[in-house]
Ligand code: 13P
Ligand code: SF4
């Protein structure tokens, strides 16, 4: 515990010395989330992380999350130095959508507006017309559908299917998935709900349709935390990465949170309700990158410029 306290103190000092700001996601270690907040950084969902990083005057951003979040920060602020605790922290959605295969898919469907999820590489974003996050994807596709556009969506098939169902838009879906959310099970959730009749169900839309169908609220991590805070219930079943529980408990003291059931138990299921890549962010590697300046995110400037158009469209729409 003393070592933890010492590491936190070292991080606070280094953030000041480097004039750096910490931008964290709700799925990372609770200590990192707390540090981000108390040092004037932010902890939030992907949309707010992007906006906060873009608007903050600091010359160095340290992104505690996964690689696409660091890349988005760099694309929006090429002049800033973006550091990450571990550059190997990726995402199964990003891995499952290689830029060359994606470009070929787009080439086959030139009549479609290309909408990609934030959880993709810079090169995939560069091929897109729009980038969206889970908090705003539904509104943007609804808008495009009303404009009469046909959509090519990538990479998350569950989020794509959910948006398609809600909007009635013509969407061609890439078949990617998140290895964490894909594990949530509809039948087991149904049984758990029967044990907790008054519980409300909060679901991230990367979950399978059988789980989303049982949700009281479907939304981004920030939207789910807001729901936990404002909804009139004492027990919540939560289908998203369990890193979110830290903030939910702070936001809604006295309420009771249960992680939605997954397929395996912790011995057989490597990613049961916790993202292995988010888990790569820790106090030690955060302190080390602040000290050394290593682990800088680089994005090819031309790819970055092209990707920025798709991200700016979303940010302008959200504004
Ligand atoms: P949010 O934008 O909802 O925070 O989601 C990011 C993510 O990676 C979910 O798995
Ligand atoms: Fe990607 Fe899923 Fe991890 Fe989010 S939780 S970063 S979608 S693998």
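The values are calculated or read from the model by the stated rules, or taken from the named source; none is laboratory data. Here the structure is a predicted model, which is why all the values come from computation and not from measurement. Methodologically, a virtual Cβ is constructed for each residue, glycine included, from the backbone with ideal geometry; neighbour enumeration extends over all protein chains shown.
Can you tell me which residues in the stretch 297-307 are surrounded by fewer than 17 Cβ atoms within 10 Å (Cβ to Cβ) and part of a loop (DSSP other than H, G, I, E, B)?
Correct list: 298, 300.
Of all the helices (runs of 4 or more DSSP H) wholly in the stretch 1-102, which have at least 3 residues that are more than 13 Å from the chain's Cα centre (by Cα) and modelled with pLDDT of 95 or more? Please lay out each step first, then the result.
Values: elements: 2-18, 30-38, 46-55, 67-76, 92-95.
Correct list: 2-18, 30-38, 46-55, 67-76.
I'd like to verify a number: residues in the stretch 28-43 that are more than 22 Å from residue 292 (Cα to Cα) and either surrounded by 24 or more Cβ atoms within 10 Å (Cβ to Cβ) or more than 15 Å from ligand 1 (Cβ to nearest atom) (or both), how many? Walk me through it before giving the result.
Going residue by residue through the stretch 28-43, those that are more than 22 Å from residue 292 (Cα to Cα) are 30, 34, 37-38, 42-43.
Those still in the list that are either surrounded by 24 or more Cβ atoms within 10 Å (Cβ to Cβ) or more than 15 Å from ligand 1 (Cβ to nearest atom) (or both) too: 30, 34, 37-38, 43.
Within the stretch 28-43, residues that are more than 22 Å from residue 292 (Cα to Cα) and either surrounded by 24 or more Cβ atoms within 10 Å (Cβ to Cβ) or more than 15 Å from ligand 1 (Cβ to nearest atom) (or both) number 5.
Mind telling me which of the residues 229, 214 ends up being within 19 Å of residue 161 (Cβ to Cβ) and modelled with pLDDT of 95 or more?
214
Right, residue 185: away from ligand 1 (no atom under 12 Å from the Cβ), farther than 21 Å from residue 225 by Cα and either under 17 Å from the mean Cα position of the chain (by Cα) or surrounded by fewer than 18 Cβ atoms within 10 Å (Cβ to Cβ) (or both) or not? Give the steps one after another, and end with the answer.
On the way: away from ligand 1 (no atom under 12 Å from the Cβ): yes; farther than 21 Å from residue 225 by Cα: yes; either under 17 Å from the mean Cα position of the chain (by Cα) or surrounded by fewer than 18 Cβ atoms within 10 Å (Cβ to Cβ) (or both): no.
Criteria not met by residue 185.
Only residues in the stretch 60-73 that are farther than 14 Å from residue 120 by Cα count as the first member; pair them with residues that are within 13 Å of ligand 2 (Cβ to nearest atom) and assigned to a helix (DSSP H, G or I), Cβ under 7 angstrom, at least 6 apart or cross-chain, and list the lot.
Once the first residue is farther than 14 Å from residue 120 by Cα and sits in the stretch 60-73, its partners that are within 13 Å of ligand 2 (Cβ to nearest atom) and assigned to a helix (DSSP H, G or I) give 63/69; 63/70.
On the given criteria, is residue 32 closer than 23 Å to residue 276 by Cα and either in contact (Cβ under 8 Å) with a residue 40 or more places away in the chain or touching a helix residue (DSSP H, G or I) at 6+ places or on another chain (Cβ under 6 Å) (or both)?
Against the criterion (closer than 23 Å to residue 276 by Cα and either in contact (Cβ under 8 Å) with a residue 40 or more places away in the chain or touching a helix residue (DSSP H, G or I) at 6+ places or on another chain (Cβ under 6 Å) (or both)), residue 32 qualifies.
What helices (runs of 4 or more DSSP H) lie completely within the stretch 198-296 and have 2 or more residues being free of Cβ contacts under 8 Å to residues at least 60 places away in the same chain and within 25 Å of residue 92 (Cβ to Cβ)?
The qualifying helices (runs of 4 or more DSSP H) are 209-212, 245-251.
Considering only the stretch 158-182, state which residues are over 13 Å from residue 117 (Cβ atoms) and under 15 Å from the mean Cα position of the chain (by Cα).
179, 180, 182
Quick test of your reading of the structure: residue 128 fulfils all but one of (1) more than 16 Å from ligand 2 (Cβ to nearest atom); (2) touching a residue at least 40 places away in the same chain (Cβ under 8 Å); (3) not in a loop (DSSP other than H, G, I, E, B). Name the failing condition by number.
Among (1) more than 16 Å from ligand 2 (Cβ to nearest atom); (2) touching a residue at least 40 places away in the same chain (Cβ under 8 Å); (3) not in a loop (DSSP other than H, G, I, E, B), the lone unmet condition for residue 128 is (3).
Return the residues of the stretch 92-105 that are surrounded by fewer than 18 Cβ atoms within 10 Å (Cβ to Cβ) and either away from ligand 2 (no atom under 16 Å from the Cβ) or closer than 27 Å to residue 146 by Cα (or both); say none if nothing qualifies.
Result: 99, 100, 101, 103, 104, 105.
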